[in-house]
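Heads up, the thing below is written out as structure tokens.
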Amino acid sequence: MKREGSQGLMAFWADIDAANTLAFQEWHNCEHIPERISIPGFNVGRRYRGIEDAPNFLMFYETDTAAVFASDAYMARLNDPTPWTSETLTYFQNPSRNIYSLEIEYGHAAPMEAPYIDTLRFNFDGPVKDIKQWLEAIEALEEVDRARLYKVDEEISSIMTLERKIYGGGPGQQKYLAMIEGALPSAAQDGLTPPQGSTDIFADSFWLEIALYPAS
């Protein structure tokens, strides 16, 4: 059952060698997502597949608040990975993982699941209102269902855990994340360049592989 109102987000971009992709997908489908969404405060887990030059995979979890990602229940899992998790995390290449809080949301979630999503990671020194105006204009496009702006939680993102020691990656350097959900790949392509003055930009498109929700 879908649960609305999530304010927290963990987003993880990574590449996986073709030789390990099926093993990764099996682990993520059968153990990792079910395990994570059983943690109190977790509302949904999703995985998207990269298009063209995007990272191979985007994995993300939405939670009640960003603080859920520092909770005792979540930390217990991160610091006691299963043998299957410990093995699979060694497949991750070029990992980037951040914890975010929702800043603004325009539009509504797709009736089922958004088949495509665009992510834009960037830094911006200007007023946040400029980003919000840009995002609102993107959401107004016919192909776009929802556009959300997140701000990184640097303290929670930087927590060192046993899982992080295995995959070796740390948080990305971008302060903001825009997530744009639509019915077409790169649905907002004409607006994918963030407001003038943005730096350290990563713009990528993905298609949906799986979404799981906690049992009602």
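The values are calculated or read from the model by the stated rules, or taken from the named source; none is laboratory data. Everything numeric here is computed off the predicted structure, so don't read it as measured data. Neighbour counts are summed over all protein chains in view; Cβ atoms, including those assigned to glycine, are modelled from backbone coordinates with ideal geometry.
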2 or more residues surrounded by 14 or more Cβ atoms within 10 Å (Cβ to Cβ) and among the polar types (S, T, N, Q): qualifying helices (runs of 4 or more DSSP H) within region 73-169: 83-88
Being on the phi > 0 side of the Ramachandran plot and either at pLDDT 95 or above or not aliphatic (A, V, I, L, M) (or both) is the requirement here; does G107 meet it? yes
Hey, can you tell me all the residues within region 44-72 that are assigned to a loop (DSSP other than H, G, I, E, B) and closer than 18 Å to L9 by Cα? D64, T65, S71
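Residue-by-condition table, conditions (1) within 14 Å of Y167 (Cβ to Cβ); (2) in contact (Cβ under 8 Å) with a residue 40 or more places away in the chain:
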| residue | (1), (2) |
| --- | --- |
| S6 | no, yes |
| M10 | yes, yes |
| F24 | yes, yes |
| W27 | yes, yes |
| P34 | no, yes |
| P40 | no, no |
